[in-house]
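Visitor: This structure is in structure tokens; I'll ask about it shortly.
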Amino acid sequence: MVFPATDAAVHVRAPGKINLFMRVGALDDDGYHDVATAYQAVSLYEDIRAWPDDEFSVAFGGSVDTSGLPTDASNLALRAAKLLARHAGVPGGVRLEIDKHVPIAGGMGGGSADAAGTLVACDALWGTALPKEELHAL
């Protein structure tokens with residue numbers, strides 16, 4: 001869900017999820033496994049706010065302890081923002097503030113929600129207007 005921008009910011013809310021079913025296939029030549037899964041979104045959300053900036057940065061708050069989360073280039077949300085910027089030729093960066101409410105390392109997809117929400121937020125912020133299929137591929 002994308003909320004209206006205020007003060008040149010974009011606000012996206014991304015839900016956590018629980019896996020109802022998961023099957024991991026055989027190891028592929030590239031070292032990854034095919035995965036089949038069915039999941040259900042839950043009422044715990046990550047709130048991602050994005051502002052235009054010259055650099056890429058992320059800060060955390062919320063109802064869960066975020067003190068151990070990386071804020072460097074290994075962070076999934078920053079990786080997603082940089083990937084979109086490269087892909088779309090965006091010259092600037094983004095300042096992300098993420099209010100986390102999905103338990104960290106609880107298997108509920110909080111990091112993935114942050115990355116997906118960041119793609120949606122940055123797409124709206126930068127006006128790249130990529131089709132959903134293209135964002136999904138990223």
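Visitor: Using a Gaussian network for the chain with springs between C-alpha atoms less than 10 Å apart, which of these wobbles most: Thr71, Thr118, Thr37?
Guide: Thr37
Visitor: Out of Val94, Ala36, Thr128, whose Cα points farthest toward the positive end of the dipole of the chain (charges: +1 Lys, Arg; -1 Asp, Glu; placed on Cβ)?
Guide: Ala36
Visitor: For the chain, count all C-alpha to C-alpha pairs, find those more than 24 Å apart, and express that count as a whole percent of the total.
Guide: Of the Cα pairs, 32 percent sit more than 24 Å apart.
Visitor: Given only helices, namely DSSP H runs of n ≥ 4 each adding -39500 (n - 2.57), what is the per-residue ellipticity at 222 nm of the chain, to the nearest 500 deg cm²/dmol?
Guide: The helix-only estimate for the chain comes to -8000 deg cm²/dmol at 222 nm.
Visitor: Roughly how many Å² of Met108 are accessible to a 1.4 Å probe, to the nearest 10?
Guide: Per-residue accessible area (Met108): approximately 30 Å².
Visitor: How many nm separate the modelled label positions at Arg79 and His136, each set 7 Å beyond the Cα in the direction of the Cβ?
Guide: 2.1 nm
Visitor: Now for a different question. Mind checking the per residue accessible area of the range 68-138 for me, 1.4 Å probe, whole number of Å²? Provide the component values of the computation, followed by the final result.
Guide: On the way: 3480 Å² over 71 residues.
Ligands and nucleic acids excluded, the figure is 49 Å² per residue.
Visitor: What do you get for the angle between helix 110-126 and the principal long axis of the chain? Use alpha-carbon atoms, 0 to 90 degrees, nearest ten.
Guide: Tilt of helix 110-126: around 30 degrees.
Visitor: Round to a whole number: what % of the accessible area of the chain belongs to carbon and sulfur, probe 1.4 Å?
Guide: Carbon and sulfur atoms account for 54 percent of the accessible area of the chain.
Visitor: Further, regarding this structure: Would you mind telling me which residue in Ala77, Ala85, Ala105 has the biggest mean-square fluctuation in a Gaussian network model of the chain, where springs connect alpha carbons within a distance under 10 angstrom?
Guide: Ala105
Visitor: For the chain, set up a Gaussian network in which alpha carbons nearer than 10 Å are linked by springs, and say which option among Val102, Val90, Val58 fluctuates the most.
Guide: Result: Val90 has the largest fluctuation of those listed.
Visitor: Separate question: Note down the magnitude of the dipole of the range 1-113 about its Cα centre, charges +1 on Lys and Arg C-beta and -1 on Asp and Glu C-beta and zero elsewhere, to the nearest 20 debye.
Guide: Around 260 debye, computed over the range 1-113.
The values are calculated or read from the model by the stated rules, or taken from the named source; none is laboratory data. Since we're looking at a predicted model, the values are computed, not measured. No Cβ is skipped: glycine too gets one built from the backbone with ideal geometry, and neighbour counts run over all protein chains shown. To get the accessible areas, we keep the full protein, side chains included, count just its heavy atoms, and leave off ligands, DNA and RNA. Shrake-Rupley method; radii C 1.70, N 1.55, O 1.52, S 1.80 Å.
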